[in-house]
Amino acid sequence: MTDPFNPNLNSASLVTRDDDAARPQSQSTSSAASAAELASTKATLKAALRQYPNFPIPGIDFIDILPLFSAIDLHVSLIRALELQVLEFNNGKAPDVIVGLEARGFLFGPSLALRLGSSFAPVRKPNKLPGPTVEAFYEKEYGRDCFQMQIDSIQKGQSVLIVDDIVATGGSALAARKLVEQLGGCFVGFLFILEIEELKGRQKLNAPVVTLIEFPKN
């Protein structure tokens, strides 16, 4: 229908303009709701964690994430929080591939990938993956270790997010990034549930790092 006050303006264009005008406000409202949901869920997850002083060695306060998987509601909340965190971090876009590190990255990496509509690719220790692989070495406290990925687990140009439970020294995560880059993946960042800040792994990674639950230094 033509607008009688402007013959060049029809009802279709009016609807389009109304939609365009409303979209920024709608997106802002949605973002605010997601941020509030994420903050609330993080608090719930943090309260469920267990801490064990002087484990595995004296002077270390160990934070146990396993309670997040033993209760169904917490497990669901964890995956939802990780999903929201990824979308917030990556401007609302899901990566093409979620790469999870052996072994605890396997606990939530596949579920997160499924939720995001991404594929999942594992990073494993030597001689655990069949077929042709690429490998990267990293330093540990008592020597070197190695990670491997299958050569067809990532396609060239795919966007890749690397996930693990905790970032400590950052050595294993850095090795995983090297594997992603060897395979031609487009690395977008790291996502961890927890971070041991005093070990300064974030600085070693020198890349975008997101931690779901933060614990202040004592």
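The values are calculated or read from the model by the stated rules, or taken from the named source; none is laboratory data. Computed from a prediction, not measured in an experiment: that's the story for all the values here. Every residue, glycine among them, receives a Cβ derived from its backbone with ideal geometry; neighbour counts consider all protein chains shown.
Which of the residues belonging to the range 63-100 are among the small types (Gly, Ala, Ser), surrounded by 18 or more Cβ atoms within 10 Å (Cβ to Cβ) and in a helix (DSSP H, G or I)?
Result: Ser77, Ala81.
Taking the range 99-122, which residues are under 19 Å from Ile213 (Cα atoms) and in contact with a strand residue (DSSP E or B) (Cβ under 8 Å, 6 or more places away or on another chain)? Show your work before the answer.
Initial filter on the range 99-122 (under 19 Å from Ile213 (Cα atoms)): 100-101, 104-109, 111-112.
Of everything in the range 99-122, those that are under 19 Å from Ile213 (Cα atoms) and in contact with a strand residue (DSSP E or B) (Cβ under 8 Å, 6 or more places away or on another chain) turn out to be Gly100, Leu101, Arg104, Gly105, Phe106, Leu107, Phe108, Gly109, Leu112.
Just wondering, is there one or more residues in the range 159-169 that are farther than 22 Å from Ser77 by Cα and touching a strand residue (DSSP E or B) at 6+ places or on another chain (Cβ under 6 Å)?
Here is the first cut: in the range 159-169, the ones farther than 22 Å from Ser77 by Cα are 159-160, 168-169.
From what's left, touching a strand residue (DSSP E or B) at 6+ places or on another chain (Cβ under 6 Å): 159-160.
Within the range 159-169, one or more residues are farther than 22 Å from Ser77 by Cα and touching a strand residue (DSSP E or B) at 6+ places or on another chain (Cβ under 6 Å).
Based on what the data block shows, is Ala103 loosely packed, with under 14 Cβ neighbours inside 10 Å, modelled with pLDDT under 95 and of a type in the set (A, V, I, L, M)?
On the way: loosely packed, with under 14 Cβ neighbours inside 10 Å: yes; modelled with pLDDT under 95: yes; of a type in the set (A, V, I, L, M): yes.
Here the answer is yes, as Ala103 does meet what is asked.
In this structure, does Leu174 turn out to be part of a strand (DSSP E or B) and either free of Cβ contacts under 8 Å to residues at least 40 places away in the same chain or among the hydrophobic types (A, V, I, L, M, F, W, C) (or both)?
Values: part of a strand (DSSP E or B): no; either free of Cβ contacts under 8 Å to residues at least 40 places away in the same chain or among the hydrophobic types (A, V, I, L, M, F, W, C) (or both): yes.
So Leu174 fails the test.
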